[in-house]
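A quick write-up on the structure given underneath.
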Amino acid sequence: MPPARVHDAEISDHAAPSAAGRTWVFFRRWLANPLEMGSIVPSSPALGRRVAAAVRAGPAGAVIELGAGTGAITRAMLEGGIAPARLTVIEIVPEMASILRATYPGVTVLCGDAWQLPALLGAETRGRIGTVVCGIPLVLLPRARQRALVEAIEAVAPGRGFLHYTYCITSPLPARRLGLSGARIAWTPANFPPASVWRYAPLA
C-alpha cells in the first residue's frame, strides 16, 4: 500500500493547536512508542537554531525534514529564514502530520514512511534537494534499517548526505560501515537532553 498523503481537506476544520497542545500530543505519542520518538519532549529552540544555521549554511534547493513530530525543528527553520515553499516535512503519524499542516501554512506536509522517500517525493524532486534533516532516532535501529534509510536519502538527494540531530555524545551511526563520513557540527546543552547536530555525507 502506498504511503498516505495529508491533504488540505483532511484538516481544513482543525485550528492550529497551542504549544501546550503540541507538547501533549508529542508526550502521548512517546507514551505509545518511546523508541520511535527518542525523547519525552520536543526539541528545544536552542537545538532548532543550530539545525537552522546548518541548513542556511548548506546548498540551495529544497529542504526535506524527516520525522518532524509536532514541528519544533520545522518552526526553528522557518524562523531562521527558510521559506515555507522550500520546506517539505515527512511525518508518519497522521495526527502529527495534521498538526504540522495546520500550524505551518505553506509548508508541504507528507504523511508517510521516510524509508519510502523516493515514492513519497516522486522522481521530479531528484537533484532539486539541497538539504535533508533527519530527526528519527537512528541510533536505536538495526544496522540494516539504518542502511535502508541512508539509501532512501541518497536516492532522492544523491551526494548530499544529511543532517541528523541526536542526543548521543558520540556518532549515533557507524558512519564508515554505512559508506559515510560523519562530523559533529554543533552541540547544545540547552536541550533536554543535551543534543548534537551531525553532518553525514557519502564517502568519495
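The values are calculated or read from the model by the stated rules, or taken from the named source; none is laboratory data. Bear in mind that the values here come from a model prediction, so they are computed numbers and not experimental data. For neighbour counting, all protein chains shown are included, and Cβ atoms are generated from backbone atoms with ideal geometry for every residue, glycine included.
Per-structure values
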{"quantity": "The stretch 109-125 - residue that is farther than 19 Å from residue 97 by Cα and not small (Gly, Ala, Ser) and, of those, surrounded by the fewest Cβ atoms within 10 Å (Cβ to Cβ)", "calculated": "124"}
{"quantity": "Residue tally, condition assigned to a strand (DSSP E or B) and small (Gly, Ala, Ser), over the stretch 99-134", "calculated": "1"}
{"quantity": "Residue count, the stretch 162-204 (criterion: surrounded by fewer than 21 Cβ atoms within 10 Å (Cβ to Cβ), small (Gly, Ala, Ser) and within 22 Å of residue 77 (Cβ to Cβ))", "calculated": "5"}
{"quantity": "Residue 152, sole failed condition from (1) within 13 Å of the chain's Cα centre (by Cα); (2) surrounded by fewer than 22 Cβ atoms within 10 Å (Cβ to Cβ); (3) small (Gly, Ala, Ser)", "calculated": "(1)"}
{"quantity": "Any hit, the stretch 83-98, residues being surrounded by fewer than 17 Cβ atoms within 10 Å (Cβ to Cβ), in contact with a Gly (Cβ under 7 Å, 6 or more places away or on another chain) and assigned to a strand (DSSP E or B)", "calculated": "no"}
{"quantity": "Any pair with Cβ under 6 angstrom, 6 or more apart, that starts in the stretch 96-120 at a residue that is closer than 12 Å to residue 68 by Cβ and ends at one that is of a type in the set (S, T, N, Q) and in a helix (DSSP H, G or I)", "calculated": "104/74"}
{"quantity": "Residue match in the stretch 61-69 (condition: modelled with pLDDT of 85 or more and among the β-branched types (Val, Ile, Thr))", "calculated": "yes"}
{"quantity": "Among the residues listed as 184, 145, the single one being over 19 Å from residue 204 (Cβ atoms), in contact with a Ser or Thr (Cβ under 6 Å, 6 or more places away or on another chain) and not in a loop (DSSP other than H, G, I, E, B)", "calculated": "184"}
{"quantity": "Within the stretch 126-144, tally of residues that are loosely packed, with under 13 Cβ neighbours inside 10 Å and either of a type in the set (Phe, Trp, Tyr) or touching a helix residue (DSSP H, G or I) at 6+ places or on another chain (Cβ under 8 Å) (or both)", "calculated": "1"}
{"quantity": "Residue pairs meeting the criteria (Cβ under 8 Å; at least 6 apart or on separate chains; first within 20 Å of residue 51 (Cβ to Cβ), in the stretch 133-156; second crowded, with 16+ Cβ neighbours inside 10 Å and of a type in the set (Lys, Arg))", "calculated": "153/160"}
